[in-house]
Amino acid sequence: MRSRPLHQTIADHVARQISTGALRPGARVQSVRQLSARFAVSSNTVLHAFATLEALGLVEARPQSGYYVRARASDALPAPTVPQPRTPAVPKADRLPLFIQSMRDPSVVPLAAATMAPELLPAARLNQLLAQAARRSGARGLRLDPLPGYAPLRREIARRLARLGASVTAEDVVTTIGAIEAIHLALRSVTRPGDAVVVESPCYFGVLQLLGELGLRAIEVPADPALGPPVDRIEEAITRRQARACVLVPNFANPLGSLMPVAHKRALVELCTAHDTPIIESDVYGELPFEGERPAPLKAFDEAGIVLHCSSFSKSLAPSFRAGWICPGRFREAVEQRKFIYTVASPTVTQAAIAEFLVSGGYDRHLRAVRRRLRDQVMQTREAIAEHFPDGTRVSNPQGGFLLWVEMPHSAVDALDLQRRALREKISIVPGPMFSARNGFRHCFRLSCGHPWSDALESAIARLARLAAS
Ligand SMILES: Cc1ncc(COP(=O)(O)O)c(C=O)c1O
């Protein structure tokens, strides 16, 4: 295994102290001498680390004095506000065509789609594993892989979930075509048309569109930008408004990036168990914390089988493989039946390549490297917003994933208008109203930070700010 360059390890150490607040803006960083003694490296290696940190805008050198944490303009950005939603509504998918159009054109600056740039993904290794899987299985590879899906992959997924505290074995995992199929199967299995379903607000538009397709009403619970939806508000939706199920993203939600604290997760699962209300969780960003341990999914607190855990490799590894899964808890039979009715089975060769990547440790190595890149990209995008957007702009401050939610001052243009005008200038964003069943968030939009920072991205943010002001 190739180890990380030493200067990178030191730069990460200091970056972590800054991002966790252990080192505040203006604070002096340990000296070159102290760091070289601590990491047993030469002073040149430490200077290389400081150069990396300077390039990221994290520290600045002061002559004769050392390195200090830079006060970043983005530190002063306030968090977005989340207004109270109105009565539950069946969402519409009428904003989709422009989003799809923006994804199709390769010349568009890709700030809309929630996927990582291909250059951040281990393409060569995955292609090698795909070829190997196809070669090894020969004609057998063309045989339909029966439910619940490719066993070695289910074993690896179960092993990872068990490490996080979930009581899950390979038998509890059904592979799907992306997380969206998992959520679809879950909704079909636990609701009927006309039912009300709790979602966080703002809510990932794919979930809202599914609710609309299934004739379900969304009860939008306003989420705290850092902590997600409050459990007492979810309780109210269940007890007073007869919500039949919840669809939630507890780890680095889309679009806010909020992370539910462990105590909230535990309380939520207890609440839903007591009321017999299924929770459909999407954990597609759970593997992407910027620092520290990967947070536990709701499934880790589920003893009664009330959580239908849905996820995929789309955000963290290979968007095009469409490899997802569901751990349906006690709804397994209903979910398996529906999987058979809608798509019969999932493609085998892609599952086999991913299984091998997981077994070999390649996935964990990839995740370790990519988390740092995403942290830097999110930080650089926030910094550019602070620089180019006017005072009064609010921005989320996620601790994982790669999405940002921007709330513009009310003097700015409507986000739907901004989307259309930006697209004419070859820049894509996702406008706020797509994240609401009732066309709310008209001054908000979502940005994806899935691409390495570049002059083109910086100038796209500057142009967006000019368009928003005009
Ligand atoms: C929270 C959430 N869940 C599910 C999905 C869908 O994932 P997949 O592409 O694996 O279907 C997305 C995609 O953006 C998402 O943000």
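The values are calculated or read from the model by the stated rules, or taken from the named source; none is laboratory data. Owing to the predicted nature of the structure, the values given are computational and were not obtained by experimental measurement. Here Cβ is always computed from backbone atoms with ideal geometry, including for glycine, and neighbour counts include all displayed protein chains. Calculation scope for accessible area: heavy atoms of the full protein, side chains included, ligands and nucleic acids excluded. Shrake-Rupley method; radii C 1.70, N 1.55, O 1.52, S 1.80 Å.
Take every DSSP beta bridge whose two residues both sit in the chain, then give the antiparallel share in percent to the nearest 5. Around 60 percent of the beta bridges assigned by DSSP in the chain are antiparallel ones. Here the Karplus relation 6.51 cos²θ - 1.76 cosθ + 1.60, evaluated at θ = phi - 60°, turns the backbone of region 392-407 into coupling constants of x, 6, 10, 9, 5, 9, x, 9, x, x, 8, 10, 10, 10, 10, 10 Hz, with x for every Gly and Pro.
Need one number: convex hull volume per residue for region 20-147, Cα atoms only, in Å³.
In region 20-147, the Cα hull volume divided by residue count equals 328 Å³.
Lysine pairs in the chain whose alpha-carbon atoms fall under 29 angstrom of each other, counting only those eight or more residues apart or on distinct chains, come to 10. Oblate is the label for region 159-235, because a/c, from the alpha-carbon gyration tensor with a ≥ b ≥ c as root eigenvalues, is 1.5 or above and a/b does not exceed b/c. Computed from the Kirkwood radius of its Cα pairs, the Stokes-Einstein diffusion coefficient for region 367-470 at 25 °C and 0.890 mPa s stands at 176 µm²/s.
For the chain, adding -39500 (n - 2.57) for each run of n ≥ 4 DSSP H residues and dividing by the number of residues yields -13000 deg cm²/dmol at 222 nm. Computed with a 1.4 Å probe over protein heavy atoms only, the accessible surface of region 337-470 comes to 37 Å² per residue. Computed from the C-alpha gyration tensor, the three semi-axes of the ellipsoid equivalent to region 296-433 are 36, 20, 17 Å, from longest to shortest.
Quick one: longest stretch of the chain between exposed loop GluC sites (Glu not before Pro), exposed meaning at most 11 other C-beta atoms within 10 Å and loop per DSSP?
1-292
Going by the alpha-carbon gyration tensor, a ≥ b ≥ c the square roots of its eigenvalues, is region 259-325 rounded (a/c under 1.5) or, if a/c is not under 1.5, prolate (a/b greater than b/c) versus oblate? Since a/c reaches 1.5 but b/c is at least a/b, the shape of region 259-325 is classed as oblate. Classify the chain from the C-alpha gyration tensor, please: rounded if a/c falls under 1.5, else prolate or oblate depending on whether a/b exceeds b/c. Oblate, because a/c is 1.5 or more while a/b does not exceed b/c.
Roughly speaking, to the nearest percent, how much of region 42-87's 1.4 Å accessible area is carbon and sulfur?
Exposed carbon and sulfur together represent 53 percent of the surface.
Look at the dipole of the chain built from charges on Cβ: of VAL349, PRO390, LEU98, the Cα furthest out on the positive end belongs to VAL349. Per-residue Karplus couplings for region 173-180, computed as 6.51 cos²θ - 1.76 cosθ + 1.60 with θ equal to phi - 60°, are listed in order as 10, 10, 7, 9, 9, x, 5, 5 Hz, Gly and Pro entered as x. Taking every alpha-carbon pair under 8 Å whose residues sit at least 6 apart, the chain reaches a relative contact order of 20 percent. Note that region 215-221 has calculated 3J(HN,Hα) couplings of x, 9, 9, 9, 9, 8, 9 Hz, one per residue in order, obtained from phi through the Karplus relation 6.51 cos²θ - 1.76 cosθ + 1.60 (θ = phi - 60°); glycine and proline are x.
Would you give the gap between the C-alpha center of region 344-364 and the C-alpha center of region 86-114, rounded to a whole Å? So the two Cα centres are separated by 29 Å.
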